[in-house]
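Right, one structure below, let's go through it.
The values are calculated or read from the model by the stated rules, or taken from the named source; none is laboratory data. Model, not experiment: these values are computed from the prediction. Neighbour counts run over all protein chains shown; Cβ positions are idealised from the backbone, glycine included. For accessibility, only protein heavy atoms count, side chains too; no ligands or nucleic acids. Shrake-Rupley method; radii C 1.70, N 1.55, O 1.52, S 1.80 Å.
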Amino acid sequence: MNKLIRKFSPTIELLIILILGFGLFIYSSTISFFAVNSDYTHSWGYKITNFSHSTILIYEVIAFSIILYILKVRAWRLTDFNLSFKFRLIWVALLLLVLRNITGGILSKIFEFATVIGDTGTKHVHYGLEANWIVILLFVVINSIYEEFILVGYFFKRLEKYHPAILIGLSTLIRLSYHTYQGWIGIFYIIPTGLIFGYYYFKYKKLWPLIIAHGLMNLLVFLRMQFQWQDN
């Protein structure tokens, strides 16, 4: 098996890791989107349950273990992923989170004002939190590491010879492709996330701020569901 893995071309390696990492999520997210979003005013629901998110966590742990094994066999090193940590990076993560939320909020308001999604667009979102906080906190930690490690740390290193605009654009497109289940409103937050995260990483080569900011984004979503911080 190791000999076969070593014979992979960089392109085959990239495809295997992306498909293993996000293929199932892209498929299920796309199915969900077309099932409940036949038009941009259609309501959609987003439920967090112990079963659904425990299943996601189990898949991510298994997939991530396989991906790490492949990368180890192919002589990737931990230093390739720019995981050095300093406490000041927490402040960077908070800044990235604020920039993402401000940008996403501005975009959604612009499109609402232009009647692209309607002035009650955000009211079509129905939240449901049915998981316990052990599952939620595990999801916050594991999912954040999983996504940013593969989609930014690995993806940017594998394609480092390409222009940064290509890297940032493609990573944003992939990020968007497995978040379509969030409906049209999600687009206005996922795109800024991909662009801001991608630009920061390309410029500064620090992965922890993205992981921390991603975890905080997830946590805020769950808190919003728990305490029903909905738009009026």
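So here's what we get for this one:
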read-out: Test set (1) at pLDDT 95 or above; (2) surrounded by fewer than 14 Cβ atoms within 10 Å (Cβ to Cβ) - ALA35 fails condition number; value: (1)
read-out: The stretch 193-217, residues that are buried (at least 21 other Cβ atoms within 10 Å of the Cβ) and more than 20 Å from PHE87 (Cα to Cα); value: THR193, GLY194, ILE196, GLY198
read-out: Residues satisfying the stated conditions in the stretch 150-170, i.e. part of a helix (DSSP H, G or I) and over 21 Å from ARG77 (Cβ atoms); value: PRO164, ALA165, ILE166, ILE168, GLY169, LEU170
read-out: Matching residues, the stretch 173-192, being farther than 19 Å from LYS157 by Cβ, without any contact (Cβ under 8 Å) to a residue 24 or more places away in the chain and either within 11 Å of the chain's Cα centre (by Cα) or open to solvent by 20 Å² or more (accessible area, probe 1.4 Å) (or both); value: LEU176, ILE187, ILE190
read-out: Of all residues in the stretch 93-128 being at pLDDT below 60 and among the small types (Gly, Ala, Ser), the one that is nearest to ASN218 (Cα to Cα); value: GLY121
read-out: Candidates LYS109, LYS86, LYS72, LYS47, filtered to the one that is of a type in the set (Lys, Arg), under 30 Å from PHE8 (Cβ atoms) and either open to solvent by 40 Å² or more (accessible area, probe 1.4 Å) or in a helix (DSSP H, G or I) (or both); value: LYS72
read-out: Any hit, the stretch 180-192, residues being in contact with an Asp or Glu (Cβ under 8 Å, 6 or more places away or on another chain) and part of a helix (DSSP H, G or I); value: no
